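A quick write-up on the structure given underneath.
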Amino acid sequence: MSYAVKETYYTLQGEGAQAGRAAVFLRFAGCNLWTGREEDRHKAVCKFCDTQFVGTDGVGGGKFSSAEALASHVASFWPAEAKGKAYVVCTGGEPALQLDSEAILALQEKGFEVAIESNGTLPLPTELDWVCISPKAGSQIVVQGGDELKLVFPQVESAAHPSNFTDWDFKHFFLQPLDGVDTTGNTKACVTYCLANPQWKLGVQMHKVVGIE
């Protein structure tokens, strides 16, 4: 299998239970909930995405003809002198469109712990080390368990209300304020909900606060 990657870079994980951890971000091109083109946003299932995932022209982007080539590419971004477990976050777009067992095993052979950030609409390989699911209203979620659930809040549709996910099999539940014209109000709504429902934690996009990618 070949792999299309929008960008690859070394940074700190900015969200969720692994926030603050050094990681290589591997952003795959393409998504099944939106084309990534503004003219199609009105008919997208996910209407609030702020990520550029179209094409392979980003920094560290490209097309890779094998899992081994992809893993070698990712490994080139991890500092040779770094101590501690290497960590790669596979994201998108929707990484599950491309990320397969072969790629995961190749990354693990390079010493990486492999995480995915997925919308949960596609089955995931069992070899993953960390699974983060971010449900989007209007989509059918087939992955209802993992390490963390990250829910953007509030979403207009009632199907995306946090109460619908409380029985899902996750270790961590995060409410992340919807970023946009009323980020402050949405943050207050998240705080209020988390205080009333302690199963949920406030998810802050740390990378935006400290000014890193």
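Quick notes on this one:
- Test for Ile141: is it among the aliphatic types (A, V, I, L, M), in a loop (DSSP other than H, G, I, E, B), within 23 Å of Leu33 (Cβ to Cβ) and in contact with a Pro (Cβ under 9 Å, 6 or more places away or on another chain): yes
- Residues satisfying the stated conditions in segment 70-86, i.e. touching a residue at least 12 places away in the same chain (Cβ under 8 Å) and either of a type in the set (Ser, Thr, Tyr) or assigned to a helix (DSSP H, G or I) (or both): Leu70, Ala71, Ser72, His73, Val74, Ala75
- Candidates in segment 87-124 are the residues that are in a helix (DSSP H, G or I), without any contact (Cβ under 8 Å) to a residue 60 or more places away in the chain and among the small types (Gly, Ala, Ser); of these, the one that is nearest to Arg37 (Cα to Cα) is Ala96.
- Hey, Leu26 within 20 Å of Pro125 (Cα to Cα) and in contact with a Cys (Cβ under 7 Å, 6 or more places away or on another chain) or not: yes
- Checking each residue in segment 13-41 for being touching a Leu at 6+ places or on another chain (Cβ under 7 Å) and assigned to a loop (DSSP other than H, G, I, E, B) picks out Gly20, Arg21, Gly30, Asn32.
- Out of Ala29, Ala67, Ala44, one residue alone is within 23 Å of Thr183 (Cα to Cα), of a type in the set (A, V, I, L, M) and surrounded by 15 or more Cβ atoms within 10 Å (Cβ to Cβ). It is Ala44.
- Long-range neighbours under 9 Å by Cβ, at least six apart or interchain, first residue under 20 Å from Thr51 (Cβ atoms) and modelled with pLDDT of 95 or more within segment 173-200, second of a type in the set (Asp, Glu) and outside any loop (DSSP other than H, G, I, E, B): Phe174/Glu148
- Top-ranked residue in segment 104-144 [being aliphatic (A, V, I, L, M) and more than 17 Å from the chain's Cα centre (by Cα); ranked as surrounded by the most Cβ atoms within 10 Å (Cβ to Cβ)]: Leu107
- Scanning segment 47-64 for residues that are touching a residue at least 24 places away in the same chain (Cβ under 8 Å), buried (at least 16 other Cβ atoms within 10 Å of the Cβ) and under 15 Å from the mean Cα position of the chain (by Cα) returns a single hit, Phe53.
- Complete set of residues in segment 42-62 that are assigned to a loop (DSSP other than H, G, I, E, B) and on the phi > 0 side of the Ramachandran plot: Gly55, Gly60
The values are calculated or read from the model by the stated rules, or taken from the named source; none is laboratory data. Remember, it's a predicted structure, so these values are computed and weren't measured experimentally. Cβ coordinates were reconstructed from backbone atoms using ideal geometry, including for glycine residues, and neighbour counts include every protein chain displayed.
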